[in-house]
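Heads up: the structure comes next, in structure tokens.
Just so you know, all these numbers are worked out from the coordinates, no wet-lab data involved. As the structure is a computational prediction, the values presented were derived from the model and not from experiment. Neighbour counts run over all protein chains shown; Cβ positions are idealised from the backbone, glycine included.
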Amino acid sequence: MAMDGGMRAVDQEKANGFDLNGCVLHLLHRAQQAADEAFAAAFSDTGLTPRQLAVLVIVGEREGTNQVGLVDATGIDRSTTADLVRRLMRKGLLARRRARHDARSNVLRLTDEGRALLETFRIRAAEVDRMLLAVLPEGGRAGFVEALGRIAAMSPPAGSQAHDRGLLAAE
């Protein structure tokens, strides 16, 4: 798109009372794209995704959790969580066994390889966070993270009917 054509489109949006560049939904989407690109660059050698990292972090913090606990902690839906667990087990990063208190339930733990990888992940994830937050004024970073947390908390639990029917944004 030519620069003057792009400027006319922006001017037209403003004239119509809608500025896409001021739309929170659009800005959150664009910020997510930037975060995904930063993650991909930092973790390209691992072949793992941000959701897989989230699963490893939760299992590392809550050794013996089950898939329901992962759904509750991450907000990732049940079927995606089950797929993530299978993939991480195939990669040798997670192990599963029957729960002692309930033979119908499986509990998860990190393997030695998963624990070692998670330690390097934490360092890299902190670097990605610092890079993303560096574009903000230093005094506004904590407030930005708090605001994102508040927005994220608006989402219904992953096991809710609204989430299962796909009424929330694609994951």
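Would you mind ranking 39, 144, 18 so that the residue whose beta carbon has the fewest other beta carbons within 10 Å leads the list?
Taking fewest neighbouring Cβ atoms as first place, the list is 18, 144, 39.
Quick one: work out Rg over Rh on the C-alpha atoms of the range 49-154, Rh as Kirkwood radius.
1.05
Applying a 10 Å radius around every beta-carbon, put 43-49, 24-30 in order of their mean neighbour count, most first.
Going by the mean number of other Cβ atoms within 10 Å, highest first, we get 43-49, 24-30.
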